[in-house]
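Remarks on the structure that follows.
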Amino acid sequence: MKKSIIFLLFASLCIFNVDAQKKIPHTYRPMGVQPSHRTEIILPQVNGYNVYKGDFHIHTSYSDGRVNPKGRVTEAWLDGLDVIAITDHYEGTSGLKGALKVAAPQSADGKAMGYKSAKELGVAPADFNAIHKEAEWQLKRSGYPLLVIKGCEMAREPKEYGHFNCLFLKDINSVYDPDIAEAFKKVKKQGGIVIHNHPSYRRGTTDKSESHKKLYDAGLIDGVEVANGVNFYPHMIRRCVEEKLTMFGNTDEHGLTSARFGSLNCFRTMTLIFAKNLTEKAIKDAILKHRTLAYVCGYVAGEEKLLCDFLNASVECRKVKEDAKKGNRTFMLTNMSSITYRLRRGKTVYELEPFKSVMVTLGKDKKTGEYIPPRFRVDNMWHMDFKNPTFELELDK
Ligand SMILES: [Zn+2]
Ligand SMILES: [Zn+2]
């Protein structure tokens, strides 16, 4: 009897141990399955258009970037964008002497290819469309509702020519020409557009050089980056308005957007596009009709009327109180967008954060005796000549 009890005890211990072993998983996820979260940048409808967030200047490891096209697609989606253009360098900095670069991060023998021409490497010229195919593969795999535009960046000598992005291309390979004006004509034939990148780079001036003048005068340039990365080019707003060019704000990202913008407490640099829908046709139409603003480091730059419409669509202004005795009116300002606005009246600045409200009491004008309207200088908007515009908020709309 005693023996059988000891045996039963021993057997149950063995079973318990096997059970305990079975319960230890090979892989344990402390956080469970956590999909990545996209930052949603909520912007209002303006004049019947949706406001899409775009970046039309991004590099990948196919040229001198450090992220592949698949990574760029995921990064843009996580950053809250709607449309991007991947624009790898078309040729080496040797300009006309260089041939097409090789659109492959590695050669057949596995060695990394540097910043060299196909001729120097003794291999066939690039297939630039392969870059786009890789991005499309990621779009299909992920289902991200993101629009990816086919493009490239051209850089030519003499150095005052600077850099240009060719966008909305059908076949990137066939737009090459030793003469940059001829290359741009090929871009136009494909229904593409050309934008002037980082306009102060390498020229030391924002004025048009003779070589630029030819390109602009021939109507080959459609737009200008008024912002590139964390840089803003104030002179460019006037030129865009006077010469009917479209304003862009792009990252020109080579590394990670999170590494550059993550600590700045702002979104990555973007072009805000006012378009009917998120199709290549509608986005291009908006760009050709100059319906864009540039966002850089919490600032919004562009043409005055569009800035005013954008602010008024973003900020609701309601009159909530009128005190005839004291001669003042109180307004409630509600920011219905993801962008913080800094509204100034004299020395007072109302920092209107996203999806928050503030009460503002305004009295009467001492000279006219009239009530002061809800009119503010917008400290984080720029229009002509680096100026902060002053706008009156529409009441009770
Ligand atoms: Zn460039
Ligand atoms: Zn670039």
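The 3J(HN,Hα) values that the Karplus relation (6.51, -1.76, 1.60; θ = phi - 60°) gives for the stretch 323-332 are, in residue order, 10, 5, 4, 7, x, 9, 10, 10, 10, 10 Hz. Gly and Pro appear as x. For the residue pairs Lys326/Lys367; Lys305/Lys367; Lys53/Lys189; Lys140/Lys189, the alpha carbons lie more than 20 Å apart in Lys305/Lys367; Lys53/Lys189; Lys140/Lys189. A Förster radius of 35 Å combined with the Cβ-Cβ distance from Thr368 to Thr334 puts the calculated FRET efficiency at roughly 0.80. Modelled label positions at Glu392 and Lys185, each set 7 Å beyond Cα in the direction of Cβ, lie 5.2 nm from each other.
Summing Lys and Arg as +1 and Asp and Glu as -1 over all other residues whose Cβ lies under 9 Å from the Cβ of Gly65 gives a net charge of -1.
At a Förster distance of 45 Å, what's the computed FRET efficiency of Asn47 paired with Ser200, Cβ-Cβ distance as r, to 0.05?
Numbers: r = 32 Å, r/R0 = 0.71.
Once the sixth-power term is evaluated, E becomes 0.90.
In what sequence do Phe248, Phe331 fall when counting other Cβ within 10 Å, fewest first? Write down the numbers at each step before the final one.
Working: Phe248 31, Phe331 20.
Least to most surrounded, the residues fall as Phe331, Phe248.
Between Lys214 and Lys23, the contour length at 0.36 nm per residue exceeds the alpha carbon distance by 61.3 nm. Taking the number of Cβ atoms within 10 Å of each Cβ as an exposure proxy, the fewest-first ranking of Ser36, Ser337 is Ser36, Ser337.
Among residues other than Thr348 with Cβ under 14 Å from its Cβ, the summed charge is +4 (Lys and Arg +1, Asp and Glu -1).
Please label the shape of the stretch 315-392 as rounded, prolate or oblate, based on the square roots a ≥ b ≥ c of the eigenvalues of the alpha-carbon gyration tensor (a/c under 1.5 means rounded; beyond that, a/b larger than b/c means prolate, else oblate). In terms of gyration-tensor shape, oblate.
Each Lys or Arg adds one and each Asp or Glu subtracts one; over the other residues with Cβ under 15 Å from the Cβ of Ala324, this totals +3. By the count of other C-beta atoms within 10 Å, a proxy for reagent exposure, Glu136, Glu370 are ordered fewest to most as Glu370, Glu136.
Where a number appears in this text, it was derived from the coordinates with a stated rule and is not lab data. Note that the structure is predicted; figures quoted are calculated from it, not measured. Backbone-built Cβ (ideal geometry, glycine too); neighbour counts: all protein chains shown.
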